[in-house]
Structure formats: structure tokens, C-alpha cells
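Chemist: Below is the structure I would like to discuss, written out as C-alpha cells.
Any read-out appearing in this document is the output of simple, stated calculations on the displayed coordinates, not a laboratory observation. Being a predicted model, the structure only gives us computed values, none of them experimental. Positions of Cβ are generated from backbone atoms using ideal geometry, with glycine treated the same way; all protein chains shown enter the neighbour counts.
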């Protein structure tokens, strides 16, 4: 049987309680979780190591989630990004999708919703990678 590396998720949220909760949920589902307390910390982690998925809060004090989302899509277009928000109005969701979010999840959420959204975003990003045109050397 072949061993697979676990999917690496970067969880970005300024609230320690939320980072801890997401870590527990995702590790239980088999993901490897790395956390950052804001956008600037996330930026450093993304530059230092390969990440498969980013789960980011929208409202953060140092860099809001939309700014982080735009940076990720500009610099790491292969990484799927899921936005998390307690402000589930249609404008927030629409902005997330316009800026390139692969998925979004609203707080409060059920634990199983997190893993369903993560899996859907991950597999969609993998399908997009395999269908992307190959660049010639």
C-alpha cells in the first residue's frame, strides 16, 4: 500500500480559539495543520513551505482576509483558498468569490461542514492543476 503525504492546510485567524478548533477538526480528518494569527504571518509561511489549502478568516486586524486572498491568488494560484466569515451577507460572499475564493464557510458551522468544504476545494484545485496547459521549457 502506498503512503501519501497528508494535505497541508494553513489556518489563518486572529482568534486563538478558532485556530485551535480548526486544528482539532482538521487533524481529526487527517490534514496536517499549520496556523497563523494574521495575514503577515501567513505570508511568511507561504514563502517558506508548500501549502495545499488555506482557510482564512475575513476580518483580521493586520491584513484582512480579502487582501490575503488576492496575494495568494497572485503568487500561488494553485493553492485553494477557503474564506471563513461570521458576516454571511451576500456582499461578503460575493466579494470572496470575485477575489478568487474557491469556497467559503460561515460561522457558526458544523464540524462536518468544514471537512466537506475543504475536500471539495482541494479536489477541485487538483483537477484544475491536471487540466492546466503544460508550459514549454
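Chemist: Which FRET efficiency value, to the nearest 0.05, is calculated for residue 17 and residue 91 with the Förster distance at 30 angstrom and r the Cβ-Cβ distance?
Modeler: Approximately 0.70, to the nearest 0.05.
Chemist: Let me ask something additional. Distance from a point 7 Å along Cα→Cβ of residue 59 to each backbone N in segment 107-121: keep the residues under 20 Å and list them by number.
Modeler: 107-110
Chemist: Continuing with the same structure: Suppose a student asked you for the relative contact order of the chain, using Cα pairs under 8 Å spaced at least 6 residues apart; what percent would you report?
Modeler: 20 percent.
Chemist: Additional query: Of the listed values [x] 43, 34, 28; [y] 60, 28, 19; [z] 48, 33, 32, grab the one calculated as Cα extents along the principal axes in Å from the structure here.
Modeler: [x]
Chemist: Under the classification rounded if a/c is under 1.5, otherwise prolate if a/b is larger than b/c and oblate if not, where does segment 67-124 fall, given a ≥ b ≥ c as square roots of the Cα gyration tensor eigenvalues?
Modeler: On the way: a/c = 2.35, a/b = 1.19, b/c = 1.97.
It is oblate, given that a/c is not under 1.5 and a/b is not larger than b/c.
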